[in-house]
Amino acid sequence: MRFSVHHATHFQFDQPSRHSIHDVRLTPKPAAAQRIVSWRIDGPGKRSEWIDGHGNQVTTFSVAHEHDSVEIVVHGLYEYSGADQWLRYADVPTLPAPFWLRNTGLARHDASFDPVIADLAERAAQPAARVAVLHELMDRISKRIAYKTGASTVDTTAIEALTRGAGVAQDEAHIFIACCRRLGVPARYVSGYLRNDDPELHVGRTSHSWAEAWVPGLEWVGFDPANGISPRGDSLRVAVGL
């Protein structure tokens, strides 16, 4: 099955700028059975490519003339030909799994998460039971958090979203990550793309967010709390972070 991506990011400035620098993490890392047919990132000014500390490919556009707007556009095609239960990646981890236990950023956790993870800690510590436990956790989050567009912003924390009981994919991913880390399970945030032609799926207008958790023997396994599923071949990962 083949999917197309068209993603435009437009910046409009309040006043003209003589120099601006824009870092974007929009280059995918396909999983096994996924193939990038074509991928192009267009933007203004001088372009450079580099890898950040999380292993993401970063494209930097540096605009050194007077301008009052910038547009960066992705055009891509990818396809999937497998039926794996979860997406497997061949990339070598750049950071050890315990790094992703840090209690920081938008996925910070506190005691307010304890009711969500009640009675899961002992089973989560058992490698053979971890996937099943995390699916149970994902189900609990889906029942607690109503998917509601406009209920949050890009700065909303997991604590705020949990208290509010509503949010979008990024919020449910942050809550899932916070719960995992409170259970002692390394977890990280994933940004990427998911097909938006299926009315049964909760997906943003431009991109999608989910989480990955570390499972011994399987390494990083994806969980999409907004949809209550493990990401499939139509989910294309472009970046990971805390």
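Stretched out fully, how many nm does the piece from I36 to T163 gain, at 0.36 nm a residue minus the Cα gap?
Gain on stretching I36 to T163: 41.8 nm.
For K29, which lysines qualify as cross-link partners when the Cα separation must be under 28 Å and same-chain residues fewer than eight apart are set aside?
K46
For every helix of n ≥ 4 consecutive DSSP H residues, a contribution of -39,500 (n - 2.57) applies; sum these over the chain, divide by its total residues, and give [θ] at 222 nm rounded to the nearest 500 deg cm²/dmol. Walk me through the numbers on the way to the answer.
Working: 4 runs with 40 residues, N = 242.
The helix-only estimate for the chain comes to -5000 deg cm²/dmol at 222 nm.
Considering the dipole of the stretch 1-93 built from charges on the beta carbon (Lys and Arg +1, Asp and Glu -1) around the Cα centre, which of L26, S4, I72 is farthest to its positive end?
S4
Could you work out the local net charge near D119, counting Lys and Arg as +1, Asp and Glu as -1, over the other residues with Cβ closer than 12 Å to its Cβ?
After counting each charged neighbour, the total is -1.
Kindly express, to the nearest 10 degrees and within the range 0 to 90, the angle between helix 130-144's C-alpha long axis and the longest C-alpha principal axis of the chain.
Helix 130-144 sits at roughly 80 degrees to that axis.
Among H202, H75, H135, which one shows the biggest mean-square fluctuation in a GNM of the chain, springs joining Cα atoms closer than 10 Å?
H75
Only sites in a loop by DSSP and with at most 12 other Cβ atoms within 10 Å count here; which trypsin sites (Lys or Arg not before Pro) in the stretch 1-101 make the cut? Each step should come with its number before you reach the end.
On the way: sites: R2, R18, R25, R35, R40, K46, R47, R88; in loops: R18, R25, R88.
Here the sparse-neighbourhood loop sites are R18.
Tell me which of T59, A125, P44 sits at the most positive position along the dipole axis of the chain, charges placed on C-beta atoms (Lys, Arg +1; Asp, Glu -1).
A125
Compute, for the chain, the length of the dipole vector about the Cα centre, with Cβ point charges of +1 (Lys, Arg) and -1 (Asp, Glu) only. Units Debye, rounded to 20.
300 debye
We did not get these values from a lab; they are worked out from the coordinates using the rules stated. Everything numeric here is computed off the predicted structure, so don't read it as measured data. Quick reminder, even Gly has a Cβ in these numbers, built from the backbone with ideal geometry, and neighbours come from all protein chains shown.
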